Amino acid sequence: MTTSANCLTALIVGASRGLGHAIAAELLTRGETPETGWNVIGTVRAGAEQTPLHTLADGHPGRVEIETLDVTDPDQIDALYQRLEGRSIDLLFVNAGTTNREPDQAIGTISTEEFTGIMITNALSPMRVLEKFEHLVPAAGLIGVMSSGQGSIANNENGMRELYRGSKAALNMFMRSFAARHAATGRAVLVMAPGWIRTDLGGDDAPYTMEESVPAIVDVLLEKRSRPGIEYLDRFGKIVPW
């Protein structure tokens with residue numbers, strides 16, 4: 001990918017569609033000019049031939065690079081690292097995530113296989129990516145993950161969506177540990193709770209559209225870069241209780 005020396009680079013893991021794609025598209029609009037704004041490396045799963053990210057790349061020649069990654073496969077994480085080693089990543093954000101087939105199922109009735117799959121995808125895999133790539137992020141950069149307000153233990157007063165909640169709460173805890181271990185770097189670390197948004201994961205009943213939500217999410221991502229340490233924030237930049 002041909003880039004300007006003045007451009008910043010974002011690696012968005014899980015950018016083929018939905019929020020990941022929308023964040024990538026919004027980042028391309030930020031900056032005074034394309035030459036002083038953002039370029040994006042976005043990941044898709046193998047076999048994804050023409051995703052919205054591919055369409056975005058077609059419309060922004062030289063500014064969007066597409067890489068293949070299944071975050072649940074450590075070998076693919078290693079391979080992606082080998083391809084990107086030596087590059088500077090100013091914004092590393094892991095968006096990949098999923099939920100179980102019956103989201104309102106009580107945790108004690110969920111199969112071991114489904115529990116393991118969701119926890120690996122939502123909690124373990126993002127941390128594997130961050131541990132592998134974190135040293136490519138400079139001191140002025142940002143490391144972040146897409147969590148959820150449903151990962152807040154303090155705010156859980158209604159139950160339901162228990163496996164999803166638990167996987168995001170686990171991710172939040174792992175991020176706290178990650179930030180503590182890497183505190184000396186002085187980097188900004190963000191746990192994002194975007195709200196209930198109309199995506200494939202959020203469903204058609206969600207009250208907020210991506211068009212009204214994503215610019216605010218990107219605002220928070222960019223503003224957080226100036227504040228070292230970890231924060232758990234919603235799309236308005238307000239603190240979410242752990």
### Bridge type composition, the chain - antiparallel percent by DSSP, nearest 5
5 percent
### Query
What 222 nm value per residue comes from the helices of the chain, counting each DSSP H run with n ≥ 4 as -39,500 (n - 2.57) and dividing by all residues, nearest 500 deg cm²/dmol?
-10500 deg cm²/dmol
### Query
How large is the charge dipole for region 82-186, taken about the Cα centre, if only the Cβ atoms of Lys, Arg (+1) and Asp, Glu (-1) carry charge, to the nearest 20 debye?
280 debye
### Task
Rank V189, L56, I107 by how far each Cα sits towards the positive end of the charge dipole of the chain (+1 on Lys, Arg Cβ; -1 on Asp, Glu Cβ) and give me just the farthest.
V189
## Note on the structure
For the chain, one quarter of the surface area of the C-alpha convex hull, expressed in nm², comes to 12.9 nm²
### Task
Treat every Asp and Glu Cβ in region 1-113 as -1 and every Lys and Arg Cβ as +1, leave all other atoms uncharged, and give the resulting dipole magnitude about the Cα centre to the nearest 20 debye.
220 debye
### Query
Distance in nm between label sites at T112 and A154, each 7 Å beyond Cα in the beta-carbon direction?
3.6 nm
### Task
Evaluate region 136-198: find the radius of gyration of its Cα atoms, find its Kirkwood radius, and give the ratio Rg to Rh.
1.05
### Query
For region 188-193, what does the Karplus curve 6.51 cos²θ - 1.76 cosθ + 1.60, with θ = phi - 60°, yield as ³J(HN,Hα) per residue in whole Hz, taken in order and with x for Gly and Pro?
7, 10, 10, 10, 9, 10
### Query
Which of the GluC sites (Glu not before Pro) found in region 22-81 are loop residues per DSSP with 12 or fewer other Cβ atoms within 10 Å of their Cβ?
E32, E49
### Query
What percent do you get for the relative contact order of the chain when only Cα pairs under 8 Å and 6+ apart count?
18 percent
### Query
Of the peptides 227-237, 117-127, how do they stack up when ordered by the mean number of other Cβ atoms within 10 Å, highest first?
117-127, 227-237
## Note on the structure
Answer in debye to the nearest 20: the dipole magnitude of the chain about its Cα centre, from +1 Lys/Arg and -1 Asp/Glu charges placed on Cβ, is 700 debye
### Query
In whole percent, what relative contact order does region 21-93 give with Cα contacts below 8 Å and a gap of six or more residues?
24 percent
#### Entry: Top positive-direction residue, dipole computed over the chain with Cβ charges, set A179, L92, L163
A179
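Every number in this text was worked out from the coordinates using simple rules, so none of it is lab data. Remember, predicted model here, so these are calculated numbers, not experimental data. Note that each Cβ is placed from the backbone with ideal geometry, even for glycine, and that neighbours are counted across all protein chains shown.
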